[in-house]
1. Between Arg205, Arg130, Arg122, which is in the same structural domain as Val270 (by TED's automatic domain parsing), over 30 Å from Val363 (Cβ atoms), surrounded by 17 or more Cβ atoms within 10 Å (Cβ to Cβ) and of a type in the set (D, E, K, R)?
2. Could you list, in sequence order, all residues of region 10-69 that are part of a loop (DSSP other than H, G, I, E, B), surrounded by fewer than 21 Cβ atoms within 10 Å (Cβ to Cβ) and hydrophobic (A, V, I, L, M, F, W, C)?
3. Would region 429-450 turn up any residue that is among the polar types (S, T, N, Q) and under 16 Å from Pro314 (Cβ atoms)?
4. Only residues in region 16-33 that are in the same structural domain as Trp88 (by TED's automatic domain parsing) count as the first member; pair them with residues that are loosely packed, with under 11 Cβ neighbours inside 10 Å and modelled with pLDDT of 95 or more, Cβ under 9 angstrom, at least 6 apart or cross-chain, and list the lot.
5. Looking only at region 338-359, decide whether some residue is modelled with pLDDT of 95 or more and under 30 Å from Gly426 (Cβ atoms).
6. Hey, any hits in region 291-314 for a residue that's in a loop (DSSP other than H, G, I, E, B), out of contact with any strand residue (DSSP E or B) (no Cβ under 6 Å at 6 or more places or on another chain) and farther than 27 Å from Gln95 by Cβ?
7. Which residues, taken from region 165-174, are β-branched (Val, Ile, Thr) and either surrounded by fewer than 24 Cβ atoms within 10 Å (Cβ to Cβ) or not assigned by TED's automatic domain parsing to the domain that holds Glu213 (or both)?
Amino acid sequence: MPNHILATPLSLANLGKLPERVARPTYARADLSPGILHFGIGNFHRAHLQVYLDRLMNEGKARDFAILGAGVTPHDTKMRDALAGQDWLSTVVEQSAAVSAARVTGVMTDFLPPMNGPAIIRALSDPAIRIVSLTVTEGGYFVNPALGKFDPDSPAIVADARNPDDPKTVFGLILAGLKARKAAGVAPFTVMSCDNVPHNGKVCRAAVAGLAEAQDKGFAAWVHDSVAFPNAMVDRIAPATSDRERAITRDQFGIDDAWPVFCEDFLQWVVEDDFSAGRPAFEDVGAEFVKDVTPWELMKIRILNGGHAIIAYPSGLMDIHFVQEGMENPLVRAFLRKVEREEVIPIVPPVPGTDLDGYFQKVEERCLNPKIGDTIRRLCLDGSNRQPKFIIPSIADRLDRGLDVTGLALESALWCRYCYGVTDSGAVIEPNDPNWDRLTAAAGIAREDPAHWLGMRDIYGTTADSGAFRDRFATSLRALWADGTEATLRRYLDGGM
């Protein structure tokens, strides 16, 4: 499409002025009332939960379940400022390899000033709010990665335990809202995590109830018994927004949006049907409600998220920028296929109605989508939180069964080599993990002493006790330093590792 379209500023008043090819709400803002308070209004949330709600509301349903935004970080303030000027509307650009389509969603009616505890607690106390949902990132649940348990000694949790009337964390605010509802005789809301975390509902329950234990054990027991925390598997790629996405939204779709959301056309949500105060009929617009989400969750986390890590670190070390470019590299794609089909997929339990190899082929197709603009750097981000969830459990399962871990050990060595902070060409890798300084220091020592890297027990746990894993890891890391990423991948693919 030519780029001379005069862009229309996004607002409620301008919805009728948007180009015809842009889908827009068939519902009026005046017909909506909040029923969900969501913490963490980011791109994934606006491309996932808000899209499901938009579909429902366009069918005349769930209009009493509009979104009320909330947040506890400075990033939330930036998002609020951007969306406030466009009446909380969002442009969602869904992209397949062949087609791009834009829709405007209007399911959010307000966004509370972030970090305003009293205002958030008042909203949480409102009986109309029946679901509190969260996208606070994988690392936002105060979990000790080695133990896989809530860490009550995290400084932010300790601070909220000492100051329950002035909480600063999401979980402290949720507790304050539940406490106010209990005192007023109002039924508790459901707490629904939408983060990419194994058993995200269980993890969220551990954080809320764990903090409650430190404040009031009797109240903690009530939280355990009375509050629903459904587990869910969520899936859609929605990269960060840059000037590139703003320009495409303006030039191709004629919309001036301060923070558009770009995402793939794939969308999946599998949820346990455990809601104590009612819920929208998300199943009417494509969500799947099940008794136990575990099979879908393991499939996604190990095959898709683990696959992202397998693609990420060799690509990063070879200075590849976009994910689709990594997948177009024959060595990276062959590495992904070999590790997935020989080491990951064989230990993923069966999933009802799903062919696992077919699921993996869909993962390949999604990662090859040239329009998404997903970056290798994003896939490399936060390995200290992601590796214990997406890679190390597969290593542990294979070791428990006496199976080989050559490919997964090479993936772990590639992560270590990446954390050294320099690519094979000598380009500097900018900090890309909350624990970057610690990781780069450990990677520097591991260059001569590979076992030092595995000594990070909070990440590797008892997996590092395996002599087979230690040997495979050391062999891979030494090869990466001696010969580089490309030669090491060739050797692995030729069966020489």
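1. Working: Arg205 fails: over 30 Å from Val363 (Cβ atoms); Arg122 fails: surrounded by 17 or more Cβ atoms within 10 Å (Cβ to Cβ).
None of the others qualify; the one that does is Arg130.
2. Result: Leu12, Ala13, Leu18, Val22, Ala28.
3. Yes - at least one qualifying residue is present in region 429-450.
4. If the second residue must be loosely packed, with under 11 Cβ neighbours inside 10 Å and modelled with pLDDT of 95 or more, the pairs left are Arg24/Gly16; Thr26/Gly60; Tyr27/Gly60.
5. Yes, there is a match, as at least one residue in region 338-359 is modelled with pLDDT of 95 or more and under 30 Å from Gly426 (Cβ atoms).
6. So far as region 291-314 goes, yes, one or more of its residues are in a loop (DSSP other than H, G, I, E, B), out of contact with any strand residue (DSSP E or B) (no Cβ under 6 Å at 6 or more places or on another chain) and farther than 27 Å from Gln95 by Cβ.
7. Residue satisfying the conditions is Thr169 alone.
Per-residue answers, yes or no, for (1) free of Cβ contacts under 8 Å to residues at least 40 places away in the same chain; (2) farther than 20 Å from Ala187 by Cα; (3) of a type in the set (Phe, Trp, Tyr):
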{"position": "Val208", "(1), (2), (3)": "yes, no, no"}
{"position": "Asp225", "(1), (2), (3)": "yes, no, no"}
{"position": "Arg236", "(1), (2), (3)": "no, yes, no"}
{"position": "Glu245", "(1), (2), (3)": "no, yes, no"}
{"position": "Phe266", "(1), (2), (3)": "no, yes, yes"}
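The values are calculated or read from the model by the stated rules, or taken from the named source; none is laboratory data. Source: prediction; values computed, not measured. Counting neighbours? That spans all protein chains shown, and the Cβs are built from the backbone with ideal geometry, glycine included.
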